[in-house]
Amino acid sequence: MSAAFAPRPGAAPVARMIRAQAALETRMLLRNGEQLLLTVVIPTLLLTLFSSVDIVDTGKGKAVDFLAPGVLALAVLSTAFTGQAIATGFERRYGVLKRLGASPLPRWALMTAKTCSVLVTEVLQIVLLTVIAFALGWSPHGNPLAVVLLIILGTAAFSGLGLLMAGTLRAEATLAAANLVFLLLLVGGGVIVPLAKFPDAARSVLELLPISALSDGLRAVLRDGAGVPWGDLGILTGWAVLGLGAAARFFRWE
Amino acid sequence: MCSAFSGAPAVEVHGLVKRYGNKTAVDGLDLSVATGTLTAVLGPNGAGKTTTIETCEGYRRPDAGTVRVLGLDPVADAMALRPRVGVMLQSGGVYPGARAEEMLRHMAALHAHPLDVDQLIERLGLGGCGRTAYRRLSGGQQQRLSLAMAVVGRPELVFLDEPTAGLDPQARRATWELVGELRADGVTVVLTTHHMEEAEQLADDVAIVDGGKVIAQGSPEELCRGGAENSLRFSGRPGLDVSALVKALPADCAAIELTPGSYRVSGAVGPQLLATVTTWCAQHGVMPDRIVVERHTLEDVFLELTGRELRS
C-alpha cells in the first residue's frame, strides 16, 4: 500500500450522498427493536385487536372502517414524530450529527435523507397495515390523492415537532417525552376512540391536534368518501409551518 | 494536487480567543502548521487544545482572531473545506447501532475517491469486528474506527483529537504507524495528545499549549535542547563524598546520591563536565560504572513549562 494515503479529496455527488444517508438511516431504524415496537407492532396489534373485539364503540358501520384510517394516522405519528425524535435525539447525544457536520454531506441533504427514510418506513407500514385491514374486511373509498396529501402534510407536521424536541431536549428527556406524547395522542387524537366520546369543550381543543386532523381527514376520505378535507389539511399545514419553523430556529446540533 | 502550494501553511491561527460564558478557553493563541508536516498540539487537560482544533474544524466561531485552514475560513467556506479535511473527534460520532464496517463504508460513500474500505479495515485490525455494532466495540476499536473514518475520504489535512487515548500499547503502535504513513504520503496531520512520547516520536513540530496559549513551539529536538538542563548519571561504590565532588564541578552544577551507589550530576552537561567528573573519580579511586548522559525529554520540558502541580 505505498502512497496509499496520497490525498485525493472530493465530495461524492450529492444525490449519491443522500441515497447513502437515507439507506443508512432506514437500516438503523429497522434494526432498532424499540422503534419497531412503536412503528409496527403497536399499530398492528391495535388494528387487529380493536377490529375483532368490540371494546370501543366506534359508531355505525364496521369497526375496521373506523379503525384503519386511525391506525394509518398512528403509523405516521410513530415514525415521523416519535421514532424520528428519539433517533435524532440520540444521534445528537452520541455526536453523530456533529461528525456528519464535518463530512461532505450538507445539512439540507442530511435532513432530506432523514425525510426520505421516514417516507420509506411509512410506505412499508402502510402496505403492511393495509393488507391486514383488507384481511379484516376493510372497504376503503375516496380519492387516493387526498390520502397522499394528508399523509405528506401529516409527516411534515410531525417531523417538525419531533425534530424540535430532539434538537432542544436531552436525549433521555426526548425519549420519555416522545413516548408520552405518543400515548396521549393515541388516546386523545381520534385514533381508536372517536372524539365524539369526549365532552364538547375538550373535543373542540382535541380537534386542533395534528393527529386528530390526520385521523379525521383520513377517515373522512377513506370511510365516508369525502373529497379533499380542506379543514384538516389546513390544521396540518399550520402545525407543519410552526413545527418546522421552530425546529429550524432552535435545533442545536451538539 | 495538494502540494501545489506547499509554501503556504495548511493551518494558520492568529490571536484566537474563544470564551464559554465568563471562562476563557483559548486566550490569544497563535499556531502555524506547515503543509505536509505532522504537528502535535501538547498540553494538560483544559489547556484549550480541543477548542482550538474544533475552531479549525469549523465547529466554533472565534470570539476574536483569525483562523485559516488551507487558506479558507472554516465557517464561511465550510462546504469547500469539508471534503478536503479529515476529522477524528475525541469521542462518539457513530450511530450506536451501526456496524463498524457499515459506518466506514458510509463515510467512504460520501467521498468521490475514497480508500479501499477492506484494506483500511485490515490495516487497522478491525477485520474481526466489522460486523459488530459500534456500541459493542471496545474503546480501542472505537478509536481506530474513528481514525479510519477520518482518513477514508483521502483528505489533504487531518485533525486527530487524542487519537491514541485509551489504546493499549499494540494499538497505539499501529496508530502511530498509520499516522506516520499519512505524513509520508503527503497528508498534513494535526493531532492533540497528552503523550510526550507520542509527540516526540511522531511530530515534526510540537506546540505546547497551556492556559489557552501556545507557550512553546518547535521540533522535539529544539524544545529539548532549549533552556532545560541535562544530567549525568553514574554508579560507583556507595557513600562517596558528594559535597567534595560538587566543589570540583562548575558553580551551577549539583550532585546527589540517588540511591546507595547511584549518583546524578545535573547542570550544563558537556564534554568538559564529563571529563571533570571522571577525573575526580580517578583521583578518588572510583571506577564510575554505567555513565549515562541523559538527554532532556519532552516530558521534562513540558513539566518545566506547565508546572508540576496537578490541575483541577
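Summary of values
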{"item": "Proximal lysines relative to A:K197, as straight alpha-carbon distance under 21 Å, when same-chain residues fewer than 8 apart are discounted", "result": "A:K60, A:K62"}
{"item": "Per DSSP, loop trypsin sites (Lys or Arg not before Pro) in the stretch B:79-122 with at most 10 further Cβ within 10 Å", "result": "none"}
{"item": "Spin-label pair A:V127/B:R131, simplified geometry with 7 Å Cα→Cβ offset, distance in nm", "result": "2.6"}
{"item": "In chain B, lysine pairs closer than 25 Å at Cα, eight or more apart or cross-chain", "result": "5"}
{"item": "For residues of A:99-110, the mean tally of beta carbons on other chains within 10 Å", "result": "6"}
{"item": "Loop sites in the stretch B:235-309: GluC sites (Glu not before Pro), DSSP, at most 16 other Cβ within 10 Å", "result": "B:E309"}
{"item": "Shape call, chain A: gyration tensor on alpha carbons, a/c limit 1.5", "result": "prolate"}
{"item": "Cleavage-rule hits (trypsin sites (Lys or Arg not before Pro)) in the stretch B:210-312: DSSP loop, at most 16 neighbouring Cβ within 10 angstrom", "result": "B:R295, B:R308, B:R311"}
{"item": "Potential lengthening between B:R290 and B:S138 on full extension [0.36 nm per residue; Cα-Cα distance subtracted]", "result": "50.4 nm"}
{"item": "For the stretch A:4-79 versus the stretch B:163-185, the gap between their alpha-carbon centres in whole angstrom", "result": "42"}
{"item": "Order of A:M17, A:M28 under a 10 Å beta carbon neighbour criterion, fewest first", "result": "A:M28, A:M17"}
{"item": "Pair A:A23, A:S52: separation of 7 Å Cα→Cβ label points (nm)", "result": "3.8"}
{"item": "Fewest-first sequence of A:W253, B:W176 by Cβ atoms within 10 Å of each Cβ", "result": "A:W253, B:W176"}
{"item": "Selection from B:S262, A:A157, B:G166 lying farthest towards where the dipole of the protein assembly as shown points positive, charges on Cβ", "result": "A:A157"}
{"item": "Rounded to 5, percent antiparallel among DSSP beta bridges of the stretch B:129-278", "result": "75"}
{"item": "Neighbour-count order for B:H111, A:H141, fewest beta carbons within 10 angstrom listed first", "result": "A:H141, B:H111"}
{"item": "Quotient of C-alpha Rg and 2.2 N^0.38 Å, computed over the protein assembly as shown", "result": "1.32"}
{"item": "Rounded Å value of the spacing that divides the Cα centres of the stretch B:238-312 and the stretch B:66-129", "result": "49"}
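Since every read-out is calculated from the coordinates, none of them should be taken as a lab result. Worth saying up front: this structure is predicted, and the values here are computed from it rather than measured. Note: ideal-geometry Cβ built from the backbone for every residue, glycine included; neighbour counts use all protein chains shown.
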